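Reading through the structure tokens given below for one structure.
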Amino acid sequence: MTAQGGRDIVAEARGLVKRFGAFEAVRGVDFTIARGESFGFLGPNGAGKTSTMRMVSAVSQPSAGSLSIFGLDPRVHGPEIRGRIGVVPQDDSLELELSVRLNIEMYGRYFDLPRRVLRERTDELLDFARLTERADSKVDDLSGGMKRRLTIARALVNRPEMLILDEPTTGLDPQARHLLWERLYRLKREGVTLIITTHYMDEAEQLCDRLVVMDNGTIVAEGAPRELIEHHSSREVLELRFGTDAHAAMHDVLAPHAERVEVLPDRVLLYVEDGDDALRTVHAAGITPLSALVRRSSLEDVFLRLTGRTLVD
Amino acid sequence: MASRVLPAFGSRRSLHIFERNYYAYRSQWLMFASGFFEPFFYLLAIGIGLNHLVGALPVGGRSVSYATFVAPGMLATSAMNGAVIDSIFNPFFRLKISHTYDAVLSTPLDVTDVALGEVWWALSRAALYAASFIVCMVLLGDATSPWVVLCWPGAVLTSLAFTCVGLAGCTYVRSWQDFDVVTLVTLPLFLFSGTFFPITLYPQWLGAIVSVSPLYQAAALLRGLATGQFDLLMLGRAGYLVALGLAGLWLAARRFRAILTP
């Protein structure tokens, strides 16, 4: 599914640039996000994802290029745009001295929402975030996963049309991650546009209809997760481990057995149609790895292919 | 190139910052109580002790008791100290430690609203403390004129000047160590700005330097109001404090923008 074709566009960037002094964090990116879509920005730390997010959330001003959110210019209509979106920042930046309930209610006041409306809405949101029992706890006493859910609940207090999540599950344990993903699916079903940055490829594959891969401030690929994998990688990957020092030398030896070979410090990746088949031919050639693993291609492989680097160090 | 149609000094939304601070501080009544007692103790100490040792001093054309002379200076100092806490210490924490403002700026509020909201909060506290201070002055017999009620807006104006300059200064603070610099500025201001003795005791050139001190201007303004002796110079003093406030707020908003939304 693509954004074009007369659908309602919520965010559109053309040649978007963000400079901090001499440093160019975002170097002319283009993207179009449709209403109801769940759109990802995938890339390693320092790729320019957060800078892009801050411009899309009408918090920081673009240095060059054009950006339109809900058809409005964020340079001029910042407050109006921010009133229609929700932001879940990387560090929760919750009010530690305030109770869980007050964190949501006070945040709602920034949107000029009446207290009566907020009391009702806060109850709903506490329920959504599974924090009803902790409503009167101080935020300081919550676990990391609870804080994250509270940050999401807080970001929903103005019933946003678009929710921007910057690294939503970084630092969470697997159980907390899955609970959070489930809540995000629910929002998506309700028609909320989701914009997610992440450096976890499984998260991107799980949550995003469409994504862009960012590296060094530019977009290096764009498409649906499956499309990207099919387009930029083989069906399967054979991972081989040898003695640590031997890896660099293995490239030429293994090259005839795969469409492409990537040598990483701890393993060698063979991009192939059929992993088990490739392993048999490797063995038949008298090559004996210490260990071998066959898996499906992932966005990690796409990223490696496009940038020559791994996503998570 | 980036045209901005945002108010230079904040909007009505700034009041939500006041509200936020109210929620954050409402359980800390002890801190509020200390704000009432501190000036009261000063007045008491001076009224009981120094007043009798020092004797009368000339204010304008009249001779007044030392307590009457020094009380407006104490009121100005109290307004300055309150402003320093509310504009440097607390906002520094919210700006650079707890990142409170980062979350706020994802809402319709703008940086100018954040800066202005902190000013509302500081001024409200200043108004409360100043009122209690003036009541103490009257109760202890340190006020000689009913015009002393005008010290109330006068003290709030003093707070405005120091709060706005303090907010701008707060953005330059890098770590808690830098707060020593704040003391290095406020302590001499407190001691030498004509708060404890008339600046006519200084050599003329030194007096001219001291008269630039906003605390001197504030103390002189409040002294005139407390004793009901008005002159045109007071308009100049008030104007000076207003100008300082506006310049401080303008710079504070600019600096907040540079730090929070680079």
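We did not get these values from a lab; they are worked out from the coordinates using the rules stated. In this text the structure is predicted, and so the values were computed from the model without any measurement. Because the Cβ atoms are built from the backbone with ideal geometry, glycine has one as well, and the counts that use them run over all protein chains shown.
Within chain B, what's the longest stretch lacking trypsin sites (Lys or Arg not before Pro) that sit in DSSP loops with no more than 10 other Cβ atoms inside 10 Å?
Details: sites that count: B:Arg26, B:Arg174.
It runs B:27-173.
What helices does chain B have that are whole DSSP H segments, at least 18 Å long along their own axis by Cα, and with mean Kyte-Doolittle hydropathy of 0.5 or more? Walk me through the numbers before you get to the answer.
Details: long enough: B:29-45 (24 Å, 1.32); B:66-84 (27 Å, 0.97); B:111-139 (42 Å, 1.43); B:151-170 (27 Å, 1.48); B:179-192 (20 Å, 2.12); B:214-227 (20 Å, 0.74); B:233-260 (40 Å, 1.17).
What comes out of the filter, once short or polar helices are dropped, is B:29-45, B:66-84, B:111-139, B:151-170, B:179-192, B:214-227, B:233-260.
Rounded to the nearest 500, what is chain A's calculated 222 nm mean residue ellipticity when only DSSP H runs of at least 4 contribute -39500 (n - 2.57) each, over all residues? Don't jump to the answer; show the numbers that get you there.
Numbers: 11 runs with 112 residues, N = 313.
Mean residue ellipticity at 222 nm (helix-derived): -10500 deg cm²/dmol.
If I histogram all Cα-Cα distances within the stretch B:24-76 using bins 10 Å wide from 0, what percent of pairs lands in each bin?
Cα pair-distance distribution for the stretch B:24-76, in percent: 23, 39, 21, 12, 5.
Please report the projected area of the protein assembly as shown's Cα convex hull averaged over all directions, in nm².
Details: hull surface 134.2 nm².
One quarter of the hull surface, i.e. the mean projection, equals 33.5 nm².
Compute from the Cα atoms of chain B the Rg and the Dmax, the latter being the longest Cα-Cα distance, and quote both in angstrom.
Spelled out, the Cα radius of gyration and Dmax of chain B are 19.1, 65 Å.
Between B:Val149 and B:Lys96, 0.36 nm times their residue separation minus their Cα-Cα distance comes to what?
Details: separation 53, 0.36 × 53 = 19.08 nm, distance 3.87 nm.
In short, 15.2 nm is gained.
Relative contact order, percent, of chain A when contacts are C-alpha pairs under 8 Å separated by at least 6 residues? List each step's numbers first, then the result.
On the way: 594 pairs, mean separation 60.9, N = 313.
That works out to 19 percent.
If each Cα of the stretch A:234-296 is one equal point scatterer, what is log10 of I(q)/I(0) from the Debye formula at q = 0.16 Å⁻¹?
Calculated log10 I(q)/I(0) at the listed q: -0.40.
If I histogram all Cα-Cα distances within the stretch A:9-224 using bins 5 Å wide from 0, what percent of pairs lands in each bin?
Histogramming the stretch A:9-224 at 5 Å steps yields 1, 7, 16, 19, 20, 16, 12, 7, 2, 0 percent.
Over chain B, what is the relative contact order in whole percent, taking alpha-carbon pairs under 8 Å and six or more residues apart?
Values: 333 pairs, mean separation 73.6, N = 262.
Averaging sequence separation for qualifying contacts and normalising by length gives 28 percent for chain B.
Relative to the compact-globule scaling 2.2 N^0.38 Å, provide the ratio for the alpha-carbon radius of gyration of the stretch A:181-275. Could the numbers behind the result be given before it?
Details: Rg = 17.3 Å, N = 95, 2.2 N^0.38 = 12.4 Å.
For the stretch A:181-275, the normalised Cα radius of gyration is 1.40.
P(r) for the stretch A:202-247: what percent of alpha-carbon pairs falls in each 5 Å bin, starting at zero?
Reading the bins upward from 0: 5, 17, 19, 18, 14, 11, 12, 4, 0.
Please give me the summed charge of the neighbours of B:Asp86: other residues whose Cβ is under 12 Å from its Cβ, Lys and Arg +1, Asp and Glu -1. Don't skip to the answer; put the middle values down first.
Values: positive: B:Arg94, B:Arg125; negative: B:Glu118.
After counting each charged neighbour, the total is +1.
Work out how far the C-alpha atoms of the stretch A:1-132 reach from end to end along every principal axis, then list the three figures in whole Å, largest first.
For the stretch A:1-132, the Cα extents along the three principal axes come out at 43, 38, 29 Å.
How far, in degrees from 0 to 90, does helix A:144-155 lean away from the longest principal axis of the Cα atoms of chain A, to the nearest 10?
50 degrees
Compute the projected area of the convex hull of the Cα atoms of the stretch B:136-198, averaged over all viewing directions, and report it in nm² to one decimal place.
Details: hull surface 23.1 nm².
Spelled out: convex hull of the Cα atoms, projected over all directions, averaged, 5.8 nm².
Using the Cα centre as the reference, give the magnitude of the dipole from point charges on the C-beta atoms of chain A (Lys, Arg: +1; Asp, Glu: -1; all else neutral), rounded to the nearest 20 debye.
On the way: 41 positive and 49 negative charges, 220 e Å.
The calculated dipole for chain A is roughly 1060 debye.
Residue farthest toward the positive end of the dipole of the stretch A:9-224, with Cβ of Lys/Arg at +1 and Asp/Glu at -1: which of A:Ala176, A:Met106, A:Leu207?
Towards the positive end, the residue furthest out is A:Met106.
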